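S.K.: Could you have a look at this structure, given as structure tokens, before my questions?
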Amino acid sequence: MVTYLEITAIIVAGMAVRQADRWWFSPRRGCLPTVTLRDVRTLQRERANNVTPALLMLGHWLEITGWCLVAVHSGPVGWAVAAVAGAVKFRHLQEVSHFAVHGVLARSGRMGTVLAEAAVHVPLGFPPVSVRRRRHVREHHPNATLSGTDPNLRELRDAGLHAGVTRRRFLLALVFPLTPAGVATTIRGMAGNLGADSGRWWRLLGFAALPAAVAALFGWKALLFAYAVPRLLLYPQLAWLSLLVEHRWWDAEPVTGPPAVVEAARCLRLYPRNPVLALLARGTWLPYGDLYHYAHSAHPAVRWNYLPALETRALGTPTYTPHALLIGEGAVARHHFRALTRATGRM
């Protein structure tokens, strides 16, 4: 019988293992007298390695192991906690692999791809890294918010977010992954991802191995609450909210100039004056630089460790800096709704 002390030790051990990568790449370690793009890239290149990223992935999966045990040895409250924690862990793994897609997770781009495939894309049913790189780096980044070319904007439209949307339909779209249509979309997406590289039988085998291992090692409670519910419901919702706060999707100002100028007009920065909510977001649904999407969009080859310093000391903030996600006059949800309904006069 595993005790709660042992479960806690596993989760804490996972957190501790992850800190090796954080410490190694920290801009506070050593001397970074100025924060220019050249300074950051030089430091990032000097510290690039293949070991701490592997420890980072290992730490996350150790934590997931602990949350599986929480689901097994707890009642309904523990099931809910394990489900939320599992979703947060999957969200973190998604963002770590996002930087592998950009080629800045490890020293070797090949090693970054291997880590992303083995620890994230294959077990969680994501597309091959090469496919995600094409969609994200080549199709989304240069064309963010541009109708007809940005795949992310197309994804939002398919969920019902388009000009003239009604208030009811807009509210449903905010929780689209939790709706029956959203769950069906998630399942179809996973099936399509597994078939995107049909010649690689190991992708399907690796995807099936994770739930099989969870069921064999921990039982149905862990399979349901620490894997199935997070992967099919809660993680997609967290990723969806993250997508909604990346850009001014429907009222971005078309400007030209350097990347920082272009991105300042079409990105947004959530919680710029609320350190508590910003810290909560960074630890849960906007991890690993996702809160700093403006800095990432302006300089996508910079690792997440340096985005806060780059924003604070070199870039500043974009034009739109909302204080809230859902509620309030300047909240992201209200801003998006106004942008979508402006053409028909509904506010």
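S.K.: Got at least one residue in region 9-29 being farther than 30 Å from Ala85 by Cβ, of a type in the set (S, T, N, Q) and touching a helix residue (DSSP H, G or I) at 6+ places or on another chain (Cβ under 9 Å)?
M.R.: no
S.K.: What helices (runs of 4 or more DSSP H), lying completely within region 166-245, carry at least 2 residues that are touching a helix residue (DSSP H, G or I) at 6+ places or on another chain (Cβ under 8 Å) and surrounded by fewer than 16 Cβ atoms within 10 Å (Cβ to Cβ)?
M.R.: Filter on region 166-245 gives 180-195, 201-218.
S.K.: Kindly provide the set of residues from region 20-45 that are under 24 Å from the mean Cα position of the chain (by Cα) and touching a residue at least 12 places away in the same chain (Cβ under 8 Å), ordered by number.
M.R.: Listed by number, the residues that qualify are Ala20, Asp21, Arg22, Trp24, Phe25, Ser26, Pro27, Leu37, Val40, Arg41, Gln44.
S.K.: Could you give every pair whose Cβ atoms fall below 8 Å, whose first residue belongs to region 273-293 and is under 18 Å from Arg22 (Cα atoms) and at pLDDT 95 or above, and whose second residue is outside any helix (DSSP H, G or I) and basic (Lys, Arg), counting only separations of at least 6 or pairs across chains?
M.R.: From region 273-293, the pairs are Leu291/Arg269; Tyr292/Arg269.
S.K.: Of all residues in region 66-77, how many are of a type in the set (Gly, Ala, Ser) and surrounded by fewer than 21 Cβ atoms within 10 Å (Cβ to Cβ)?
M.R.: Within region 66-77, residues that are of a type in the set (Gly, Ala, Ser) and surrounded by fewer than 21 Cβ atoms within 10 Å (Cβ to Cβ) number 2.
S.K.: Inspect region 106-114 for any residue being without any contact (Cβ under 8 Å) to a residue 24 or more places away in the chain, under 30 Å from Phe225 (Cα atoms), part of a helix (DSSP H, G or I) and polar (S, T, N, Q) and give the result as yes or no.
M.R.: The answer is yes, given that some residue of region 106-114 is without any contact (Cβ under 8 Å) to a residue 24 or more places away in the chain, under 30 Å from Phe225 (Cα atoms), part of a helix (DSSP H, G or I) and polar (S, T, N, Q).
S.K.: With respect to the numbered conditions (1) assigned to a helix (DSSP H, G or I); (2) of a type in the set (A, V, I, L, M); (3) surrounded by fewer than 22 Cβ atoms within 10 Å (Cβ to Cβ), which one is the sole condition not fulfilled by Ala264?
M.R.: The number of the failed condition is (3).
S.K.: If you check His136 against the conditions, is it surrounded by 14 or more Cβ atoms within 10 Å (Cβ to Cβ) and assigned to a helix (DSSP H, G or I)?
M.R.: Spelling it out, His136 is indeed surrounded by 14 or more Cβ atoms within 10 Å (Cβ to Cβ) and assigned to a helix (DSSP H, G or I).
S.K.: What is the number of the single condition among (1) part of a loop (DSSP other than H, G, I, E, B); (2) surrounded by fewer than 21 Cβ atoms within 10 Å (Cβ to Cβ) that Trp249 does not meet?
M.R.: (2)
The values are calculated or read from the model by the stated rules, or taken from the named source; none is laboratory data. The structure presented is a predicted model; accordingly, all values stated were derived computationally and were not measured. Cβ coordinates were reconstructed from backbone atoms using ideal geometry, including for glycine residues, and neighbour counts include every protein chain displayed.
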